[in-house]
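Presented below is the structure to which this report refers.
The values are calculated or read from the model by the stated rules, or taken from the named source; none is laboratory data. What you are looking at is a predicted structure, and each value in this text was computed from that prediction instead of being measured. Methodologically, a virtual Cβ is constructed for each residue, glycine included, from the backbone with ideal geometry; neighbour enumeration extends over all protein chains shown.
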C-alpha cells in the first residue's frame, strides 16, 4: 500500500488483522495489531474478536482471555461472535470441557449461543452427547436445522458409525426436519460404503418414492446386490426388499 502512496487507516489495519487471523498467522496478526496502535488507530470489537480467535487457535487461551478482559475494560461489550471465537478453536482442538465452560460463562452473561456455537461441539461429540446438544439447541431456539443433521450424518458415516448415522436420521424426524436429497444421498451412499446394502435400499426406495431423482451409480450397485443374492431376497415393489423367511426386512436389518 505504501508503494502505491496509499496511507493505511483503521479499516485497512482491521482487514489485515482479520486476514492473518483467519489463516492462523499469530505472528503477523500481533505485528499488524501493534503497528495499528502505534499509528494511533484504536482497535474496534472486530479486531479484538480476531485476536481472540487466533490466540485460542494457537493454544494461547490465557492470552485470549486477557484480551477479552481488555475489551471490557475499554468499554466494549463481548458478543456471541467473541465467545464463538474461543469456543470454535477449542472444539477443533478437542478441548471440549474447556469449551463447555466458556459457553456456560457466555450464557450466564445473558448471551445466547447460535447454531454455529452448537455445530462446533457437534462436530466433535459422540452420539450420546450429540442427542443432548440437539435438545439444548431446541431449548435455546437456535435449531437444529437440515444442515445440522446433514453434518452429523456425514460425520458418523466418516467415522464408520453407520448405526449412529441412522440414529441421527430418526432424530431428524423427531425435530420435524424433512430430509432432502442431500440427506438421502448421504445416508444411502454411507450405508452402501459400509456394506449395509439392504438398509441402504430401504432409504433409496423411500427417496425415489418421495420424488427425488434416482442415481445411476447406486442403481448399478443395487442391481449387482440383487443378482448376487437372488436366492435370499425378493422384491416388494422396485427396490424395497423383503427377506424370504421373514415378514419384512426393514424390521430385521441390522446396522453394524
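Couple of notes before you dig in:
- Helices (runs of 4 or more DSSP H) wholly inside region 157-256 containing at least 1 residues that are modelled with pLDDT of 85 or more, more than 27 Å from the chain's Cα centre (by Cα) and surrounded by 18 or more Cβ atoms within 10 Å (Cβ to Cβ): 197-209, 216-228
- When region 12-53 is limited to residues that are surrounded by fewer than 17 Cβ atoms within 10 Å (Cβ to Cβ) and part of a loop (DSSP other than H, G, I, E, B), the one that is modelled with the highest pLDDT turns out to be 44.
- Those helices (runs of 4 or more DSSP H) lying entirely in region 54-140 with at least 1 residues closer than 27 Å to residue 156 by Cα and free of Cβ contacts under 8 Å to residues at least 60 places away in the same chain: 80-92, 96-108, 115-122, 127-140
- The set of residues from region 35-61 being over 26 Å from the mean Cα position of the chain (by Cα) and closer than 18 Å to residue 80 by Cβ comprises just one member, 44.
- Residue in region 82-95 that is modelled with pLDDT of 90 or more, closer than 23 Å to residue 115 by Cα and exposed (fewer than 14 other Cβ atoms within 10 Å of the Cβ) present: yes
- Among (1) more than 26 Å from residue 90 (Cβ to Cβ); (2) part of a helix (DSSP H, G or I); (3) at pLDDT 90 or above - the single one residue 153 does not satisfy: (1)
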